[in-house]
1. Given contacts defined as C-alpha pairs under 8 Å and at least six residues apart, what's the relative contact order of chain A, whole-number percent?
2. Which order do you get for B:Lys156, A:Lys348, B:Lys216, B:Lys2 if you rank them by accessible area with a 1.4 Å probe, largest at the top?
3. Counting only the backbone N, which residues of segment B:126-165 are under 20 Å from the spot 7 Å out from the Cα of B:Thr101 toward its beta-carbon?
4. With respect to the cross-link table entries A:Lys309/A:Lys426; B:Lys10/B:Lys194; B:Lys52/B:Lys156; A:Lys337/A:Lys410; A:Lys348/A:Lys375, which display a Cα-Cα separation exceeding 23 Å?
5. Cα atoms only, segment B:2-243: Rg and Dmax in Å?
6. Which FRET efficiency, nearest 0.05, do A:Arg261 and B:Trp231 yield, Cβ-Cβ r, R0 35 Å?
7. With all protein chains present, calculate the accessible area of B:Val140 using a 1.4 Å probe and round the result to the nearest 10 Å².
8. Counting only protein chains, not ligands or nucleic acids, how are A:Thr59, B:Thr124, B:Thr93 ordered by accessible area (probe 1.4 Å), most first?
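The values are calculated or read from the model by the stated rules, or taken from the named source; none is laboratory data. Note that the structure is a prediction, hence the values are computed from the model and not measured. Cβ: placed from backbone, ideal geometry, glycine included. Neighbour counts: every protein chain shown. Heavy atoms of the whole protein, side chains included, go into the accessibility calculation; ligands, DNA and RNA do not. Shrake-Rupley method; radii C 1.70, N 1.55, O 1.52, S 1.80 Å.
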Amino acid sequence: MLGSASMDTPSVPPKALAKRESAIAEPAPDRTDVGEIGGWGRVMQPGREVRDENLERLTRDAVLCRGLGRSYGDSSLPPPGVSDVAGTTLADRVLSFDPQTLSLRAEAGLSLRELLRVFFPRGYFVPVTPGTTFVTLGGMVASDVHGKNHHCAGTFGEHVTALKMRVADGSIVECTPEVHSDLFWATVGGMGLTGHILEVEFTMVKVPSPWIYMESERVPNIDAYMTGLAQAAEQWPMTMGWIDCLSSGDNLGRGILMRGRWATPQEAPESFPEPKKRPGVPFVFPQFALNPLSVKLFNEAFYRKHLRKQASGITHPEAFFWPLDAILDWNRIYGPKGFTQYQCVLPKSAGPQAARRFLELLSTLGGASFLCVIKDCGAEGRGLLSFPMDGISIALDIPVRDDTQQLVDKLNEHVIDDGGRIYLTKDNYTRPEHFAAMEPRLEAFMEVRKRWDPKLRFRSAQSVRIFGDPVG
Amino acid sequence: MKAVILGGTKGMGRALARQSAGRGDAVFLLGRNEADLQRSASDCAARSPDSKTVGHALCDLEDPDSFAAALDAADEALGGFDTVIVTAGMFGTQEQLEADTVRLRALLTVNFAHTILFCEAARTRMMERGGGVLCVFSSVAGDRGRKPVVLYGASKAGLSAYLEGLDHRYRDAGLVTICVKPGFVRTGMTEGLKPPPFAGEPGAVASRVLGAIDRKRPQIYAPAIWAWVMWVIRLMPRFVMRRVGF
């Protein structure tokens, strides 16, 4: 236990807090006008983020929390008829860390970036990291994020030991896999719809060095890619790869396959990997910048850049885990209409040809996309709406066009036939009937949700769209 | 550095306390809310490279009677502090303060009279042992009488004048006084206000302030661009200031 403070100190009861507030400062300032708010895909709607360092105060009347807004679609946006979401990013304190048990507890708005800035140089890492560090702990729980090590470590939720939450009746409860376990597992991957996550406690991991040993391989087509991925998963704790989904014929699904592990202290450089300087995208690209030709050229260049068939060596962890974090505001390249990400998982039962069939469908539908990410997933997590399941996950960015809805519909119908499902964190277009067909666990989730929140107070634009939650 | 921070649980004070603890300084937090102090103390301790314990004590700028005991506690925990940082203060928009005299009175008292009383208590302690650094957050709003910040600005103008005088009077005797003048910074205090151009982030302000403490600079604007903005505003003739909206 660090410091003189203890995490189980009772917090100030709300009434006492309110009295203190009236004395000095902290007035509710005149709010700015309701502007526009969007997810990472930059599809905007009316709305406003209201932030406060004190999450207990902030969440008293809120219908939804929003962290760093990195979910692509409408998961972090207010439902129709509601203007405000509670922004958690000012509530970002580490409350305890025990170097023996590796248990860390923090306020839900703490970003992964800040957490790692403090703890990574000391040799500690998170058990699971998504593809960006611009996420909050609360968001990591709500999306039950997964990473390159999913086939070994599962999702982030598997490593969470406790959550402090504000639930619908206004009370604040601590839930764990043992205490209020129904609430706990509905909240892991529950998209913030079961209550407001105030604090997160989870177990960190100790890493042998801060560097990554990586092997990457150029593979000529999807079949070779899938075989390579399966082989790598048996021996490597981290795997993933990029596919050029514009290539066709014999080249269909050519790509770069990567496998990695933490470098041993012997092979790692002595220095700590210094944070990389980040260029930014200073403005929103015009609509014409992204066209089939420019995307094709980019994909071709990415494939050709990998000169040798195979490469290996020590790699900077930022380049390995979060390559896109190197470009600030990269979502602006998709132009004024924004983009969506389509991510689905196809189960093992769909057979070894599932990825090939998906890519073939994609190329007939003509969804121009930059590289698409394909990774195999391990067993399904315990979170009631947790995304990954035993099979392969496919993710691709799709610029918003007039026919985006039809494109997503067709992909969804294919995924339903294969017994797969989509990732809510990325979604902006899935129809309710499609989601219901993909998600046999939905009923169980809604049952727990209604047990804790009978009036469905906690809602998002997405939950109204997909679950049919009440408006206003 | 053995630093006492009044206001270190929130906004720029939180960022400053974190960075100070993170680089290995001994830190002691003062504030008005016990639970909040405990959480921030844990946060600072977790960031301390050698896991130093971070102590805390209650201290309320509305209640000058709380100052002595708080500084005693800090002295004891740190073995005699050599730096005192004050980031606490009240804020209200011109409209809010014009409409609410109770709040106005509290703001004028806290930002000017009580902050100075606190500084005096800290000053005498540090001077008894040969000096130290007193670093206090005023505001760019105190540099010039301006339409949108007449009342808040007046409280900070008085504070800035005090801090400048203190630095002239006691620098030779070993007391360094630093007046920090933040422009608009995105914190809980300014949440909901429309950010003007050049709005800053608390982390960047904190590193600038720590630099000023290390180099013993008597005055610092943060973000840096505000030094130029305020230079222009200070040069403006009255008839121009009367016409412009800022």
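1. Numbers: 1040 pairs, mean separation 83.9, N = 472.
Across chain A, relative contact order equals 18 percent.
2. Numbers: B:Lys156 10, A:Lys348 145, B:Lys216 100, B:Lys2 65 Å².
Per-residue accessible area, sorted high to low, gives A:Lys348, B:Lys216, B:Lys2, B:Lys156.
3. Answer for segment B:126-165: B:150-155.
4. Those over the limit are A:Lys309/A:Lys426; B:Lys52/B:Lys156.
5. 17.3, 57
6. For A:Arg261 and B:Trp231, the calculated efficiency is 0.05.
7. 10
8. Working: A:Thr59 0, B:Thr124 60, B:Thr93 20 Å².
Largest accessible area first, the residues go B:Thr124, B:Thr93, A:Thr59.
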